[in-house]
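Shown next, in structure tokens, is the structure this report addresses.
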Amino acid sequence: MRVRKTLGAMAVAVVAAAGVSTTAGPAGASSQAATASTSTVSTSTASASARFYCRFGGRGKAPKNLTIYESTVLISNPVGGIPKGKVYNCDYGVTGSKYTMCGRTWNRWEYVSYNGKKGYIVAACAKPAS
């Protein structure tokens, strides 16, 4: 338990060092972190990582309710969400903290926009819009 608290503190320090705001997310926002089976903190952030193309050509469809995070760490603040079945725009992908979600352990995130909110979703849960 002590290791998780230390890792959490390190992640907050990484987010702060990256200059990402730490304002609270919307009230009642669901969090994918509660369903993640593991989360490993990485020092990678969007500004420090190489950008690459979105997996599905710039548009995706949420296979389940997805949380939009302010940075590429599961413990970062949620800034919004994408309801199941809704189409969202993807600007680029980056590497970030490692997670296990949607049946995959990975460290890839996608920077998305949906309904005026912008931030990162776990790429393992992204599906094509078609």
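Against the condition assigned to a strand (DSSP E or B), in contact with a Phe, Trp or Tyr (Cβ under 8 Å, 6 or more places away or on another chain) and surrounded by 24 or more Cβ atoms within 10 Å (Cβ to Cβ), how does VAL94 come out, does it pass? Spell out how you get there, then give the answer.
Details: assigned to a strand (DSSP E or B): yes; in contact with a Phe, Trp or Tyr (Cβ under 8 Å, 6 or more places away or on another chain): yes; surrounded by 24 or more Cβ atoms within 10 Å (Cβ to Cβ): no.
In short, no.
Quick one: what pairs do we get from the range 82-93, first residue free of Cβ contacts under 8 Å to residues at least 40 places away in the same chain and of a type in the set (A, V, I, L, M), second part of a loop (DSSP other than H, G, I, E, B) and surrounded by 13 or more Cβ atoms within 10 Å (Cβ to Cβ), C-beta under 9 Å, 6+ apart or different chains?
ILE82/ALA62; ILE82/ASN65
How many residues are touching a residue at least 60 places away in the same chain (Cβ under 8 Å) and within 15 Å of GLU70 (Cα to Cα) if we restrict to the range 96-108? Full working, then the answer.
The initial filter retains those residues of the range 96-108 that are touching a residue at least 60 places away in the same chain (Cβ under 8 Å), namely 97-101, 105, 107.
Those still in the list that are within 15 Å of GLU70 (Cα to Cα) too: 97.
Summing the residues that are touching a residue at least 60 places away in the same chain (Cβ under 8 Å) and within 15 Å of GLU70 (Cα to Cα) in the range 96-108 gives 1.
When residues of the range 118-130 are filtered for being out of contact with any Pro (no Cβ under 9 Å at 6 or more places or on another chain) and under 19 Å from PRO78 (Cβ atoms), how many remain?
First, the residues of the range 118-130 that are out of contact with any Pro (no Cβ under 9 Å at 6 or more places or on another chain): 118, 120-124, 128-130.
Still in the list and also under 19 Å from PRO78 (Cβ atoms): 118, 120-124.
Total meeting the criteria: 6.
Taking ILE75, is it surrounded by fewer than 20 Cβ atoms within 10 Å (Cβ to Cβ) and under 10 Å from the mean Cα position of the chain (by Cα)?
Numbers: surrounded by fewer than 20 Cβ atoms within 10 Å (Cβ to Cβ): yes; under 10 Å from the mean Cα position of the chain (by Cα): yes.
Here the answer is yes, as ILE75 does meet what is asked.
Among the residues of the range 35-57, is any modelled with pLDDT of 95 or more and in a loop (DSSP other than H, G, I, E, B)? Walk me through it before giving the result.
Applying the first criterion (modelled with pLDDT of 95 or more) to the range 35-57 yields none.
For the range 35-57, residues modelled with pLDDT of 95 or more and in a loop (DSSP other than H, G, I, E, B): absent.
The values are calculated or read from the model by the stated rules, or taken from the named source; none is laboratory data. Treat the numbers as computed from the prediction; the structure is a model and nothing was measured. Positions of Cβ are backbone-derived with ideal geometry, glycine not excepted, and every protein chain shown enters the neighbour counts.
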